[in-house]
Amino acid sequence: PTRFRGRDDGRGTWILFADEAGLAEQLAALLEEQGEHPILVWPVAGAESNGKKGFQLDPGDAADWIRFWQETGAERALPPLRRAVHCWNLDATAPEQTSVSSLEDAQRLGCQSVVHLVQRLAAQPLPGGQGKMLWLVTRGVQNPNREERFEPALAQSPLWGMANVIGLEHPKLWGGIVDLEPTPPRDEAAALLRTLRDAGPESQWAIRGTKRYVPRL
């Protein structure tokens, strides 16, 4: 199993599974300003290369996940792992453009890759006192304001069902799932980071502007 063996000075490693729209990159910039150590991971297939900073990983290849984890752990100076934030779902096709092919791609980027991620995280010892490590991010799945003309992001919706299962099977590992606005506002990364750092006992969130919603009956 991978070990993050750097000195624990209150800072930590954040693994960010990056989206093409740039939210994870904005999050990484904020984390660097705060002295954290973010690592960007991009989804690629086979030998493809996107030329971007960070690691590249085939979402559906279990062997590639093991390779990535071994390479990451080879840097023994890395501080303890604090968060793994999965944003690949944000690249799913918009609801009005959904097709069978786009749903298959969304499954690969979403639930299939999350299964591999959970397996890798579960195989490594949690740092002392650490929890709420795994976070999933979607966009436009929930409708907290009861908008009349709301069209949910169908391709990302299955991840909310999977989130419930992860929370039951890996309660010490599980952090939560956050749904963002259908149209990204300014300062979205800052609002997301606030939730990732200080979620309290809640594990399901919808962020809309300056407001944060949690499920209640």
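Some observations on this one:
- Region 208-217, subset part of a loop (DSSP other than H, G, I, E, B) and not polar (S, T, N, Q), residue most open to solvent (accessible area, probe 1.4 Å): LEU217
- The listed residues are GLN124, GLN204, and the only one of them that is in contact with a Pro (Cβ under 9 Å, 6 or more places away or on another chain) and within 30 Å of ALA63 (Cβ to Cβ) turns out to be GLN124.
- If the condition is being in contact with a Leu (Cβ under 7 Å, 6 or more places away or on another chain), assigned to a loop (DSSP other than H, G, I, E, B) and more than 15 Å from LEU192 (Cα to Cα), then region 9-20 contributes only GLY12.
- Here is the figure for region 69-101: residues that are modelled with pLDDT of 90 or more and of a type in the set (Phe, Trp, Tyr) total 1.
- ARG120 being touching a Phe, Trp or Tyr at 6+ places or on another chain (Cβ under 9 Å), among the basic types (Lys, Arg) and closer than 24 Å to GLU20 by Cα: yes
The values are calculated or read from the model by the stated rules, or taken from the named source; none is laboratory data. All figures in this text were calculated on a predicted structure; none of them were measured in a lab. Methodologically, a virtual Cβ is constructed for each residue, glycine included, from the backbone with ideal geometry; neighbour enumeration extends over all protein chains shown. Heavy atoms of the whole protein, side chains included, go into the accessibility calculation; ligands, DNA and RNA do not. Shrake-Rupley method; radii C 1.70, N 1.55, O 1.52, S 1.80 Å.
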